[in-house]
Amino acid sequence: MESEHDAMDNEPRKAEMEVAIRNAIIKFEQDFMGRGPTDVRVFIVRDLVVVRLKGVLTPAERQLAKTLDGVDMVKRIRQALIAQGRDRLVEEVSDITGAKVTALFMDIDAQIGEKVFVFTVEHDLDPRVR
């Protein structure tokens, strides 16, 4: 008979989930956007998965971002690309967390080259992970 402690040992650790999500996001950025970020941090907080990426802009995007119109253009292009890759991102985060992703939000600061993803999932992950 499996004890409650043994069952908890089978549950993923929070840090392991965060690393798996980090690796999936890096691979997505490399495959889908053509280059990876310089830094990625993942935080699981209740029913949210927050991903912060640094160094996401290509050299061409950095040049565009020197003007206000260019900043707007970079944001619109990145949002359109994420919309095309949304299903892949949602599926990967759902698979890793074991929870259905109910929403995905993304914003990018084209002037400093940082991007944030916020995934909301159907239930609180904190009780499931250690």
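The values are calculated or read from the model by the stated rules, or taken from the named source; none is laboratory data. The structure displayed is predicted, hence computed values, not measured ones. Neighbour counts run over all protein chains shown; Cβ positions are idealised from the backbone, glycine included.
Descriptive notes on the structure:
- When residues of region 30-45 are limited to those that are among the charged types (D, E, K, R) and at pLDDT 95 or above, the one nearest to E61 (Cα to Cα): D39
- Among the residues here, I21 does not qualify as in a strand (DSSP E or B), in contact (Cβ under 8 Å) with a residue 24 or more places away in the chain and not charged (D, E, K, R).
- Conditions (1) under 13 Å from K115 (Cβ atoms); (2) of a type in the set (F, W, Y); (3) surrounded by fewer than 17 Cβ atoms within 10 Å (Cβ to Cβ): number failed by F28: (3)
- Per this entry, V90 is counted among residues that are under 22 Å from G36 (Cβ atoms), within 15 Å of the chain's Cα centre (by Cα) and part of a helix (DSSP H, G or I).
- Matching residues in region 41-57 - criterion: being closer than 14 Å to E29 by Cα and out of contact with any helix residue (DSSP H, G or I) (no Cβ under 8 Å at 6 or more places or on another chain): R52, K54, G55
- Residues (polar (S, T, N, Q), over 11 Å from G113 (Cα atoms) and not in a helix (DSSP H, G or I)) located in region 53-83: T67
- Residue that is farthest from the chain's Cα centre (by Cα) [pool: residues in region 31-59 that are surrounded by 12 or more Cβ atoms within 10 Å (Cβ to Cβ) and among the small types (G, A, S)]: G55
- Qualifying residue in region 60-74 (condition: surrounded by fewer than 19 Cβ atoms within 10 Å (Cβ to Cβ) and either touching a His at 6+ places or on another chain (Cβ under 9 Å) or in contact (Cβ under 8 Å) with a residue 60 or more places away in the chain (or both)): no
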